[in-house]
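A.B. asks: This is the structure, below, for whatever I ask next.
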Amino acid sequence: MAVADITSPSEEIQETSGLSSGWGRRLLIAIPYIWLLIFFLAPFVIVLKISLSDVILARPPYFPNFDISEGWQGLLAMLQAFDLENYVWLTEDTLYLNSYLSSLRIASISTLLTLVIGYPIAYAMAKAPKEWRATLLMLVILPFWTSFLIRVYAWIGILKKEGFLNYFLLWTGVIDEPLMILNTDTAIYIGIVYSYLPFMVLPLYAVLEKLDISLLEAATDLGCSPLKAFWVITLPLSLPGVWAGCFLVFIPAVGEFVIPDILGGSSTIMIGKTLWVEFFSNRDWPVASAVAILLLLMLILPIILFQKQQEKQAEASQ
Amino acid sequence: METLVSTQPVCKFAPWEDPAQEPLVRFESVTKKFGDFTAIEDLTLNIYEREFFALLGPSGCGKTTMMRMLAGFEYPTAGNIMLGQSNLQKAPPHKRPVNMMFQSYALFPHMTVEQNIGFGLKQEKTPKTEIRRRVEEMLSLVQLEPFAKRKPHQLSGGQKQRVALARSLAKKPKLLLLDEPLGALDRKLREQTQFELMNIQEQLGLTFVIVTHDQEEAMTVASRIAVMDHGKIVQVATPAEIYEYPNSRYSADFLGDVNIIEGQIDVTTGETVSLAWAEGETPLAISTKLRPQTGTTAWLAVRPEKLRISKEKPENVDNCIQGEVWDIGYTGNISTYHVKASNGAILKAQVSNREHLADRSITWEDNVYVYWEKGAGVFLEA
Ligand SMILES: Nc1ncnc2c1ncn2[C@@H]1O[C@H](COP(=O)(O)OP(=O)(O)OP(=O)(O)O)[C@@H](O)[C@H]1O
Ligand SMILES: [Mg+2]
């Protein structure tokens with residue numbers, strides 16, 4: 001995940017600050033940066049380059065191409081051929097704006113739903129007897145043992161018209177007509193909430209489990225009812241976990257492709273799907289790259305916010 | 001004989017001596033078990049209104065557990081705790097007129113010092129101006145005015161402790177539980193705060209229960225002290241009583257320095273028993289109202305400052321032991337002579353240093369006599 005890659009350097013630095021040898025230390029610090037350079041920056045530059053190119057019917061399907069044999073002159077010629085045409089195009093067709101907005105909307109709502117569902121789960125886990133906690137934690141992580149794709153496909157079987165859910169609800173008599181859930185936004189929300197729930201639960205559990213119980217005792221001792229103590233003590237102190245969980249769900253959810261593609265309907269547009277269509281159906285790599293670059297720029301803000309939050313937390317816990 | 005009793009005010013505060021007085025807190029045969037470990041065992045205790053009650057005892061003897069039961073975080077496994085007329089068994093912590101200062105401080109890390117102190121008042125829906133006034137009052141009491149806007153993680157250990165103290169005091173609760181409230185403070189600040197605590201307690205007519213490891217502190221502030229051992233109360237009495245008349249070797253040893261001499265009851269004549277303590281030595285005379293069996297093992301406890309020491313054999317004294325000066329401890333205002341008796345027992349005798357060090361006549365390996373009145377020692381059967 002991109003988020004994890006971006007946050008890792010600062011963590012590495014802190015962990016290695018105890019090392020005394022100058023070179024060993026520099027090397028250790030360099031490793032995450034080299035990693036970033038190879039696996040993030042280099043692909044980014046390539047995508048950026050394609051986004052500034054023009055589409056042609058060829059292989060690769062864009063122009064200009066850089067030929068190393070032409071040397072310096074070739075590089076200059078290529079730079080001159082670059083333009084922002086594709087970005088201008090993105091503003092002209094409302095499809096793209098709508099995709100972005102729809103993605104943001106779906107990601108925000110799913111994040112909120114994940115939070116609302118994940119918080120009680122994390123809270124219950126943190127309050128469970130100590131000997132149970134490891135097992136509960138295991139259960140949260142367990143779904144990762146199966147492929148993500150298979151799990152999302154499994155939801156088709158649950159949500160479709162003749163699926164388990166409708167079967168069950170009809171059987172219990174809650175509904176008379178099967179519900180149409182598959183291929184709607186609801187199915188996407190279900191898919192995202194289901195898939196990303198562990199990313200919400202784990203950071204929340206981490207903060208809630210660390211919460212000093214004597215703080216709650218002190219609050220009730222000073223005349224605060226247990227419910228109010230939750231609002232004024234537990235909730236504010238778990239905010240770092242809330243933030244971490246929300247970012248970990250929101251950021252990948254914005255660019256989500258698999259879930260809307262498999263569970264969503266044709267009317268739901270999300271930027272991940274649009275990107276796919278541009279790349280593979282239209283074979284317009286330059287526009288697709290421009291879409292990807294803009295998506296990244298859009299996500300930079302929440303990523304920076306996330307990092308700031310992490311730093312603040314690290315400071316406060318010192 | 002110096003007595004602490006004489007320093008007490010003329011109009012004595014001693015509700016525990018008055019059978020008509022209703023205690024504020026009653027522990028009625030309270031037992032508290034954690035699993036199969038018994039933290040408090042069949043404990044019965046009364047604490048009266050306006051008392052400054054100290055719990056004293058070694059680590060792990062159940063002091064915090066008693067406090068936590070009063071505050072409502074733990075419930076007795078058996079027995080009842082009464083507060084006034086109400087049984088505390090059913091009251092949740094936030095409905096008790098009891099505040100506790102936590103041994104671990106438990107300050108709210110996301111709130112400033114001010115907000116921490118005002119927290120309890122805010123829960124009572126006290127008007128804002130009143131909260132501000134009380135918070136300021138508390139801040140000045142614990143001398144933390146400049147730190148009002150800081151968060152707990154920006155404070156030193158002693159400062160945190162003072163915030164915790166201020167927070168528990170802010171509501172002026174009927175019953176305040178202080179779990180080692182002053183341990184992290186330096187001596188001067190601690191003495192000041194002790195004094196302030198006593199002032200507040202007296203002025204507002206509150207009842208305090210304090211846990212402390214500092215016996216001097218317990219003696220200074222407390223109206224009564226409970227000496228505890230392994231979940232049981234060994235003795236409950238005023239500081240002076242415990243010091244002068246401990247009921248057992250345990251409480252004699254726990255409060256202050258003491259010489260304990262083991263022996264067998266020789267004869268009992270009137271209100272005096274004599275204790276045979278070593279072969280070929282005169283038995284020691286002790287005043288007591290008890291009439292113990294001849295031959296049983298018993299103990300004599302006598303405080304070092306009640307022993308006198310001289311190089312010449314004293315005339316007409318109740319008890320006298322001959323020995324050799326083994327060691328001399330010098331602590332400025334007093335010298336402690338460790339005298340080795342014929343049976344190898346070491347007796348400590350304290351002498352206040354009225355003369356300069358150089359003028360002292362007794363020195364190492366001198367043959368000396370240690371002597372005391374029969375009323376100075378305490379006869380102990382346990
Ligand atoms: N929640 C608990 N579960 C199990 N045992 C406990 C629990 N709380 C306290 N104990 C045990 O009960 C005994 C009394 O503990 P308590 O905290 O009352 O001691 P204390 O007198 O306050 O000691 P200290 O002076 O070190 O603070 C200890 O042996 C402790 O291990
Ligand atoms: Mg304790």
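The values are calculated or read from the model by the stated rules, or taken from the named source; none is laboratory data. Here the structure is a predicted model, which is why all the values come from computation and not from measurement. Every residue, glycine among them, receives a Cβ derived from its backbone with ideal geometry; neighbour counts consider all protein chains shown. Please note that ligands, DNA and RNA were not included when accessible areas were found on the heavy atoms of the full protein model with its side chains. Shrake-Rupley method; radii C 1.70, N 1.55, O 1.52, S 1.80 Å.
A.B. asks: Take the Cβ-Cβ distance between residue B:343 and residue A:145 as r, set R0 to 51 Å, and report the resulting FRET efficiency rounded to the nearest 0.05. Could you put the intermediate results ahead of the total?
C.D. replies: Working: r = 76 Å, r/R0 = 1.49.
Here the calculated transfer efficiency is 0.10.
A.B. asks: Moving on to the next point. Put a dot 7 Å past each Cα toward the Cβ at residue B:287 and residue B:13; how far apart are the dots in nm?
C.D. replies: 2.9 nm
A.B. asks: At 7 Å along Cα-to-Cβ for each site, give me the label-to-label distance between residue B:276 and residue A:227 in nm.
C.D. replies: Computed distance between label sites residue B:276 and residue A:227 equals 7.6 nm.
A.B. asks: Mind listing, in residue-number order, the residues in the stretch B:83-100 that have at least 30 Å² less accessible area with every protein chain present than in their own chain alone (1.4 Å probe)?
C.D. replies: The answer is B:94 - residues whose exposure falls by at least 30 Å² when every protein chain is included.
A.B. asks: Right, here's the next one. Quick one: which residues, 5 or more positions from residue B:228 or on another chain, have an amide H under 5 Å from its amide H? H modelled 1.01 Å from N in the peptide plane, none for Pro or chain starts.
C.D. replies: Residues meeting the amide H criterion: B:56, B:57, B:234.
A.B. asks: Would you kindly derive the ³J(HN,Hα) couplings of the stretch B:315-328 from the backbone phi angles with the Karplus curve 6.51 cos²θ - 1.76 cosθ + 1.60 (θ = phi - 60°), listing them in order in whole Hz, with x for Gly and Pro?
C.D. replies: Rounded to whole hertz, the list is 9, 6, 10, 5, 10, 8, 10, 8, x, 10, 5, 9, 7, 10.
A.B. asks: Something else: Using only alpha carbon positions, build the gyration tensor of the stretch B:1-141, then give the equivalent ellipsoid semi-axes as the square roots of 5 times its eigenvalues, largest first, whole angstrom. Write down the numbers at each step before the final one.
C.D. replies: Numbers: eigenvalues 171, 115, 57 Å².
The three semi-axes for the stretch B:1-141 are 29, 24, 17 Å.
A.B. asks: Please give the peptides B:296-305, A:287-296, A:42-51 ranked by average Cβ packing (other Cβ atoms within 10 Å per residue), highest first, as a rough proxy for protection. The partial results should precede the final answer.
C.D. replies: Working: B:296-305: 18.8, A:287-296: 21.4, A:42-51: 15.1.
My ranking of the peptides, most packed first, is A:287-296, B:296-305, A:42-51.
A.B. asks: Same structure, new question: Expressed in nm to one decimal, what extension gain is obtained for the pair residue A:305 and residue A:169 from 0.36 nm per residue of sequence separation less their Cα-Cα distance?
C.D. replies: Details: separation 136, 0.36 × 136 = 48.96 nm, distance 4.25 nm.
Net length gain for the segment: 44.7 nm.
A.B. asks: Which residues, if any, in the stretch A:206-232 have at least 50 Å² less accessible area in the whole protein complex than in the isolated chain, probe 1.4 Å?
C.D. replies: The answer is A:215, A:217, A:221, A:222.
A.B. asks: Ignoring ligands, DNA and RNA, what percent of the accessible area of the protein assembly as shown is carbon or sulfur (1.4 Å)? Please list the in-between numbers first.
C.D. replies: Working: 21640 of 36680 Å².
Whole-percent figure for carbon plus sulfur exposure: 59.
A.B. asks: Something else about it: If you build a Gaussian network model of chain A, linking Cα atoms that sit under 10 Å apart, which residue out of A:270, A:138, A:180 swings the most?
C.D. replies: A:138
A.B. asks: What order do you get for B:328-337, A:109-118 when each peptide is scored by the mean count of other beta carbon atoms within 10 Å, highest first? Show your work: numbers first, answer last.
C.D. replies: Values: B:328-337: 13.3, A:109-118: 19.7.
Listed from highest to lowest mean packing, they are A:109-118, B:328-337.
A.B. asks: Probe radius 1.4 Å, ligands and nucleic acids left out: can you give me the accessible area buried at the B-A interface, summed over both chains, in Å² to the nearest hundred?
C.D. replies: On the way: alone 19480 and 18900 Å², together 36680 Å².
It comes to approximately 1700 Å² buried between B and A.
A.B. asks: Given charges of +1 on the Cβ of Lys and Arg and -1 on the Cβ of Asp and Glu, with all other atoms neutral, how large is the dipole of chain A about its Cα centre, in debye to the nearest 20?
C.D. replies: Details: 17 positive and 26 negative charges, 128 e Å.
Charge dipole of chain A: 620 debye, to the nearest 20.
A.B. asks: Rounded to the nearest 5, what % of the DSSP beta bridges within chain B are antiparallel ones? The partial results should precede the final answer.
C.D. replies: Numbers: 60 of 77 bridges.
Given both bridge residues lie in chain B, the antiparallel proportion sits at roughly 80 percent.
A.B. asks: Going by the alpha-carbon gyration tensor, a ≥ b ≥ c the square roots of its eigenvalues, is the stretch A:88-316 rounded (a/c under 1.5) or, if a/c is not under 1.5, prolate (a/b greater than b/c) versus oblate? Can you show the working numbers first?
C.D. replies: Working: a/c = 2.39, a/b = 1.39, b/c = 1.72.
Note, shape of the stretch A:88-316 comes out oblate.
A.B. asks: Can you tell me which lysines have their Cα less than 28 Å from the Cα of residue B:125? Leave out same-chain residues fewer than eight positions away.
C.D. replies: Reachable lysines: A:228, B:90, B:95, B:149, B:151, B:160, B:171, B:172, B:174.
A.B. asks: How far apart, in nm, are the 7 Å Cα→Cβ label points at residue B:269 and residue A:95?
C.D. replies: The answer from the label model is 12.1 nm.
A.B. asks: In chain B, if the dipole is taken from +1 on Lys/Arg beta carbons and -1 on Asp/Glu beta carbons about the Cα centre, which of B:170, B:31, B:223 is farthest to the positive end?
C.D. replies: B:170
A.B. asks: Then there's this: What residue among B:251, B:140, B:168 has the largest mean-square fluctuation in a Gaussian network model of chain B, using Cα springs under 10 Å?
C.D. replies: Largest GNM mean-square fluctuation: B:140.
A.B. asks: Then there's this: I need the calculated FRET efficiency for the pair residue B:262 and residue B:34, taking r as the beta carbon distance and R₀ as 45 Å, to the nearest 0.05.
C.D. replies: On the way: r = 36 Å, r/R0 = 0.79.
Step by step, r from the Cβ atoms, then E = 0.80.
A.B. asks: Leaving out ligands and nucleic acids, and using a 1.4 Å probe, what accessible area per residue does the protein assembly as shown come to in Å²? Write out the running numbers ahead of the final one.
C.D. replies: Numbers: 36680 Å² over 700 residues.
Using a 1.4 Å probe on heavy atoms only, each residue of the protein assembly as shown averages 52 Å².
A.B. asks: Counting DSSP beta bridges with both partners in the protein assembly as shown, what percentage is antiparallel, nearest 5?
C.D. replies: Values: 62 of 79 bridges.
In the protein assembly as shown, DSSP labels about 80 percent of beta bridges as antiparallel.
A.B. asks: A further question on this structure: Over all distinct Cα pairs, what is the inverse of the mean 1/r for the stretch B:258-380, reported as the Kirkwood hydrodynamic radius in Å?
C.D. replies: On the way: mean 1/r = 0.0670 Å⁻¹.
So the Kirkwood estimate lands at 14.9 Å.
A.B. asks: For the protein assembly as shown, what mean projected area does the convex hull of the alpha carbons give, in nm²? Display every interim value, and only then the final one.
C.D. replies: Working: hull surface 202.4 nm².
For the Cα atoms of the protein assembly as shown, the hull's average projected area reads 50.6 nm².
A.B. asks: Among A:191, A:206, A:292, flag the residue with its Cα farthest along the positive direction of the charge dipole of the stretch A:88-316, charges on Cβ as +1 for Lys/Arg and -1 for Asp/Glu.
C.D. replies: A:206
A.B. asks: How tilted is helix B:187-204 with respect to the longest principal axis of chain B? Cα atoms for both, answer in degrees (0 to 90, nearest 10).
C.D. replies: So the helix axis and the longest Cα principal axis differ by about 70 degrees.
A.B. asks: Given the stretch B:258-380, what count of lysine pairs have C-alpha atoms under 20 Å apart, with each pair 8 or more places apart or on different chains?
C.D. replies: Value for the stretch B:258-380: 11.
A.B. asks: Relative contact order of chain B: what whole-number percent is it, with Cα pairs under 8 angstrom and at least 6 residues apart? Don't jump to the answer; show the numbers that get you there.
C.D. replies: On the way: 758 pairs, mean separation 54.1, N = 382.
Worked out over chain B, it gives 14 percent.
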